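Student: Okay, here's the structure, questions in a sec.
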Amino acid sequence: MSTLIVVGAQWGDEGKGKVVDAVAAQADVVARYAGGNNAGHTLVVDGRKIVTHLVPSGCLYPDTRCVLGAGMVIDPDVLAKEVASLQALGLLMRDELRVSLHAHVIFGFHRDLDGLREDLAQGPRAIGTTRRGIGPAYEAKAARRGIQIRDLFDPPTLRARLEHNRDALTPELTRLGREDAISVDTLMAAAEPWARFFEPMICDASALCHGAIRDGKRVLFEGAQGALLDLDHGTYPYVTSSNTTAGGVCTGLGVGPTAIDAVWGISKAYATRVGAGPFPSRLDDAVGQRLREVGGEYGATTGRPRDCGWLDLVALRYAARLSGMTGLCITKLDVLAELGRAEVCVGYEDGVDPGRDGLANARPVVEVVEGFDDPGLAGALAQARTFEAMPRAARVYLDRVAESVDVPIALVSIGAERDQTIFVQRPFE
């Protein structure tokens with residue numbers, strides 16, 4: 001087996017960065033296929049926290065090639081700062097990073113449009129975006145006026161497309177209260193250093209991935225956000241602007257489905273969500289607040305507090321089906337142990353089905369998982385380094401999740417550090 005997809009199985013923020021970092025130690029290529037800098041992956045190595053927003057989590061390994069795929073939207077200034085920050089730590093010092101010529105560029109007017117729309121929206125119309133310009137950049141892509149990385153190297157084409165965007169967006173920007181017009185000349189000037197920055201990194205990401213697979217190298221495909229934020233299958237309209245399920249690999253990197261060997265889905269041992277939208281197992285009480293504090297549930301990208309709730313097994317089953325998951329990665333099990341309490345959503349009242357009915361009217365049926373009130377559980381769990389060494393209550397919890405979702409456990413995280421990651425299955429085997 002040479003290819004593995006790692007995707008979020010909830011509303012994002014599941015700990016993909018840590019899982020990808022753990023698996024990337026055995027990968028030759030780590031390729032990201034969707035999203036932009038609205039996704040933040042937090043890595044903790046020897047007590048040092050590193051947050052990436054665009055660069056794949058494989059960046060911590062010098063011999064691992066990192067790829068940004070065609071399905072992404074990239075803010076060049078953000079990427080340049082992120083690369084500089086990583087290089088200051090001694091990372092990405094060689095030619096590890098590659099960027100697809102087909103990826104789309106986020107410009108300042110995309111960010112402006114995103115923020116102004118959010119300022120105007122109220123009540124159910126507010127999506128809760130990160131205001132990073134992600135949605136407007138994908139909107140431009142679908143409207144055939146998007147600007148690709150390749151256009152930065154073709155000034156006449158770039159100017160024509162910028163003029164197209166100026167003409168299309170000026171009426172809305174004016175209506176939303178922006179007074180200054182989009183200056184094509186200013187944007188053309190900004191694009192010159194962007195082209196110089198990207199030049200050593202540009203590639204055909206599809207050909208790169210196919211070549212690696214053909215040569216028997218281990219390729220890890222890294223997702224962003226989570227399955228329930230998928231544009232087509234998530235809690236629409238409270239979703240992101242790309243396909244976050246495993247199928248996004250095929251479209252976002254140009255890799256055919258027959259090249260995929262396995263899919264691991266990541267879920268916290270509880271559930272969180274940031275931004276607007278339905279969240280059936282949300283805890284609007286002191287327990288939810290305590291869960292947030294113990295888990296440190298604040299956005300890596302925005303710093304916004306995340307809503308917290310019990311693990312939703314119905315939604316997790318739905319996410320597993322959407323991506324054809326072959327393994328589950330459960331993170332932050334230590335948080336439940338420290339909380340001293342664990343419950344799971346086992347169903348919804350009135351037979352609500354997430355695929356058919358959505359989640360807006362889902363009322364959870366919750367059951368208690370025994371054994372988490374043991375005061376010694378957190379300490380015993382912290383010492384475990386194999387599945388068999390875990391306290392019985394933790395293993396019972398994991399077995400219940402695997403049985404309910406009908407997907408075996410592949411990995412368990414019991415803390416932020418690398419050595420607090422327990423592989424139940426071996427990746428690429």
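The values are calculated or read from the model by the stated rules, or taken from the named source; none is laboratory data. Computed from a predicted structure; not experimentally measured. Here Cβ is always computed from backbone atoms with ideal geometry, including for glycine, and neighbour counts include all displayed protein chains. Protein only, heavy atoms only, side chains kept; ligands, DNA and RNA dropped before computing areas. Shrake-Rupley method; radii C 1.70, N 1.55, O 1.52, S 1.80 Å.
Student: I need every pair where a residue in the stretch 275-286 that is of a type in the set (A, V, I, L, M, F, W, C) has its Cβ under 9 Å from the Cβ of a residue that is assigned to a loop (DSSP other than H, G, I, E, B) and surrounded by 17 or more Cβ atoms within 10 Å (Cβ to Cβ), sequence separation at least 6 or different chains.
Tutor: Hits for this filter: Ala276/Ile127; Ala276/Tyr238; Phe279/Trp11; Phe279/Thr235; Phe279/Leu359.
Student: Within the stretch 235-246, which residues are in contact (Cβ under 8 Å) with a residue 40 or more places away in the chain and open to solvent by less than 40 Å² (accessible area, probe 1.4 Å)?
Tutor: If the condition is that a residue be in contact (Cβ under 8 Å) with a residue 40 or more places away in the chain and open to solvent by less than 40 Å² (accessible area, probe 1.4 Å), then Thr235, Thr240, Ser241, Ser242, Thr244, Thr245, Ala246 are the ones that fit.
Student: Scanning for something under 28 Å from Ala262 (Cα atoms) and among the basic types (Lys, Arg), does the stretch 301-308 turn up at least one residue?
Tutor: Checked against the condition, which is being under 28 Å from Ala262 (Cα atoms) and among the basic types (Lys, Arg), the stretch 301-308 yields no hits at all.
Student: I'd like the full set of residues that are within 15 Å of the chain's Cα centre (by Cα) and in contact (Cβ under 8 Å) with a residue 40 or more places away in the chain, limited to the stretch 41-66.
Tutor: His41, Thr42, Val51, His53, Val55, Pro56, Ser57, Gly58
Student: Might you check whether a residue that is open to solvent by 10 Å² or more (accessible area, probe 1.4 Å) and either β-branched (Val, Ile, Thr) or under 16 Å from Val407 (Cβ atoms) (or both) occurs anywhere in the stretch 266-277?
Tutor: Of the residues in the stretch 266-277, the ones open to solvent by 10 Å² or more (accessible area, probe 1.4 Å) are 274-277.
Next, only the ones that are either β-branched (Val, Ile, Thr) or under 16 Å from Val407 (Cβ atoms) (or both) stay: 274.
So far as the stretch 266-277 goes, yes, one or more of its residues are open to solvent by 10 Å² or more (accessible area, probe 1.4 Å) and either β-branched (Val, Ile, Thr) or under 16 Å from Val407 (Cβ atoms) (or both).
Student: Residue under question is Lys81, and the condition is that it be basic (Lys, Arg) and open to solvent by 20 Å² or more (accessible area, probe 1.4 Å); does it hold?
Tutor: Taking the combined requirement at face value, the residue satisfies it.
Student: While we're looking at this one, here's another question. Restrict the check to the stretch 361-368 and report whether at least one residue is farther than 30 Å from Thr245 by Cβ and open to solvent by 30 Å² or more (accessible area, probe 1.4 Å).
Tutor: There is at least one residue in the stretch 361-368 that is farther than 30 Å from Thr245 by Cβ and open to solvent by 30 Å² or more (accessible area, probe 1.4 Å).
Student: In the stretch 329-354, which residues are part of a strand (DSSP E or B), open to solvent by less than 10 Å² (accessible area, probe 1.4 Å) and out of contact with any Pro (no Cβ under 7 Å at 6 or more places or on another chain)?
Tutor: Cys329, Ile330, Thr331, Val344
Student: Also, quick follow-up: Restricting to the stretch 44-59, name every residue that is among the hydrophobic types (A, V, I, L, M, F, W, C), buried (at least 21 other Cβ atoms within 10 Å of the Cβ) and not in a loop (DSSP other than H, G, I, E, B).
Tutor: Scanning the stretch 44-59 gives a single hit, Cys59.
Student: Whether any residue in the stretch 7-26 is at positive phi, surrounded by 24 or more Cβ atoms within 10 Å (Cβ to Cβ) and either part of a helix (DSSP H, G or I) or charged (D, E, K, R) (or both) is what I want to check.
Tutor: Yes.
Student: Which residue out of Gly69, Gly133, Gly36 is in contact (Cβ under 8 Å) with a residue 24 or more places away in the chain, within 17 Å of the chain's Cα centre (by Cα), open to solvent by less than 10 Å² (accessible area, probe 1.4 Å) and on the phi > 0 side of the Ramachandran plot?
Tutor: Gly133
Student: Considering only residues that are in a loop (DSSP other than H, G, I, E, B) and buried (at least 19 other Cβ atoms within 10 Å of the Cβ), which ones fall in the stretch 414-428?
Tutor: If the condition is that a residue be in a loop (DSSP other than H, G, I, E, B) and buried (at least 19 other Cβ atoms within 10 Å of the Cβ), then Ile414, Ala416, Pro427 are the ones that fit.
Student: Just wondering, is there one or more residues in the stretch 363-370 that are modelled with pLDDT of 95 or more, over 21 Å from Arg292 (Cα atoms) and under 27 Å from the mean Cα position of the chain (by Cα)?
Tutor: yes
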